[in-house]
Amino acid sequence: MSDAYRDAFFMLHRDLPREGPGEPADIIWAAGVAGTPSSARICDAACGPGADVAALRRVAPDGKVTALDKYPHFTAQAQALHGDDPVVTITTGDMGQITGPFDLIWCAGALYFLGITAGLKTWRAALAPGGAVAFSEPCWFTDARPRKAVDLWADEYPAMTDVAGIDAQVQAAGYTTLATRKLSAAAWENYYGPMDKRIAALSPGDTSEMQQVLAEARREADVCRAHPESFGYLLSVVRPGGI
Ligand SMILES: C[S@@+](CC[C@H](N)C(=O)[O-])C[C@H]1O[C@@H](n2cnc3c(N)ncnc32)[C@H](O)[C@@H]1O
C-alpha cells in the first residue's frame, strides 16, 4: 500500500461514526448470551472510533470498558467521545497483546486481522474465569454465490468462510460457540449510510489514489446491499472449553 493510497483511505474513513457494520442490539444480545455481569470488565478490541463503547457501558453499568485500536486517529476519535467517562479507558495498541482479565472481549469486524483461531488462542489468557469473546466476522450464508460477491471477497478477504467454517476455527482454538446471529440490515446502514455521504463529499476524488479508494468503497457498498441473503457478518459468542 503506497503512502498516497493510505492517505486517501484514511481521508475517506476519517470521522465516520463506525468502521464496520453494527448496532447496540448486537451487544445487548451478545452480553445476554455470555451472561455478562453488570460489573463486567470489558475489552472493546479494535474499537475503531468507539461506536460500541456506549452500548458496552450499558450492558455493564457497574463495570469498566477498555477500548483499544491500533490507529491513533481512531483512538483520538474514541477519546473525544468517551474520554470523560471515568470507567472507560481508551488506548492505542495491539489487540494481540491484551492482558486482561476481561469478562467479555468484544471484537466487531476485526478478529480476522489476528485470524480467528490464533486470536482466540491468544485471548484465552486475557479472559477471566467464565469470560467470553463475542466477535463479528464476514461470512457466506449460501452455497450459491453471486459472481460480483465472489470477486469482491476474493479481493478483500479470500479466507472468508461460512457458518460451519467459522465454528471450526472456533473449535480449533479450544472454544465452544454458545450462539450466533447475523447482523441486521440496520447494522449495515449504520456503516454505509455515513459512508455514502463521505463518498459524495469527496467525489470525484482529487488524486488517482482517492479515485481508486472511492471506487472500491462504492463497489463494496453496492455489492453488500445487493446480496444480503448471500453473505454478511456473523456475530458469534464463544467461550473457552466446553459449555
Ligand atoms: C473494520 S474496523 C472495525 C472497527 C470497530 N470495531 C467498528 O466496528 O467500528 C477494524 C479495526 O481494526 C483495527 N485493527 C486492525 N488490527 C489491529 C490490531 N492488531 N490491534 C488493534 N486494532 C487493530 C483497525 O485499526 C480498525 O479500526
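Every number here is computed from the coordinates shown, using simple stated rules; none is lab data. In this text the structure is predicted, and so the values were computed from the model without any measurement. Every residue, glycine among them, receives a Cβ derived from its backbone with ideal geometry; neighbour counts consider all protein chains shown.
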With +1 on each Lys and Arg Cβ and -1 on each Asp and Glu Cβ, how big is the dipole of the chain about its Cα centre, in debye rounded to the nearest 20? 480 debye
In the chain, lysine pairs closer than 28 Å at Cα, eight or more apart or cross-chain: 9
Measure off 7 Å from each Cα along the Cα-to-Cβ vector at Arg14 and Lys121, then give the distance between these two points in nanometres to one decimal. 3.9 nm
Ranking Arg18, Arg124 by Cβ neighbours within 10 Å, fewest first, what do you get? Arg124, Arg18
Sorted largest first, the C-alpha extents of region 88-216 along its principal axes in whole angstrom are 52, 41, 26
Taking every C-alpha to C-alpha distance in region 40-86 and binning by 5 Å from 0, the per-bin percentages run 5, 26, 34, 24, 9, 2
Could you tell me the calculated FRET efficiency between Lys197 and Ser38, based on Cβ-Cβ distance and R0 = 30 angstrom, to the nearest 0.05? 0.25
Please give the contour-minus-distance gain from Thr92 to Ser208: 0.36 nm per residue of separation, less the Cα-Cα distance, rounded to one decimal in nm. 38.7 nm
If we count other beta carbons within 10 Å of each Cβ, what is the order of Asp143, Asp151, Asp52, fewest first? Asp143, Asp151, Asp52
How big is the gap, in Å, between the Cα center of region 84-163 and the Cα center of region 3-71? 12 Å
Report the rotationally averaged projected area of region 168-243 based on its alpha-carbon convex hull, in square nanometres. 6.9 nm²
The chain: Kirkwood hydrodynamic radius (Cα pairs, Å) comes out at 18.4 Å
Computed for region 171-243: size of charge dipole around the Cα centre, +1 on C-beta of each Lys and Arg, -1 on C-beta of each Asp and Glu, debye to nearest 20, value 360 debye
Kirkwood Rh, angstrom, region 1-137 [1 / mean 1/r, Cα pairs]: 15.0 Å
I need Lys197, Lys182, Lys148 ordered by Cβ neighbour count within 10 Å, fewest first. Lys197, Lys148, Lys182
Normalising by the residue count of the chain, find the relative contact order in percent from Cα pairs under 8 Å and 6+ residues apart. 24 percent
For Asp3 and Asp155 in the same chain, what is the full-extension length gain: residue separation times 0.36 nm, less their Cα-Cα distance, in nm? 52.7 nm
Would you compute, from DSSP H runs of 4+ residues alone, the mean residue ellipticity of the chain at 222 nm, taking -39500 (n - 2.57) per run and dividing by the full residue count, rounded to the nearest 500? -13500 deg cm²/dmol
Take every DSSP beta bridge whose two residues both sit in the chain, then give the antiparallel share in percent to the nearest 5. 40 percent
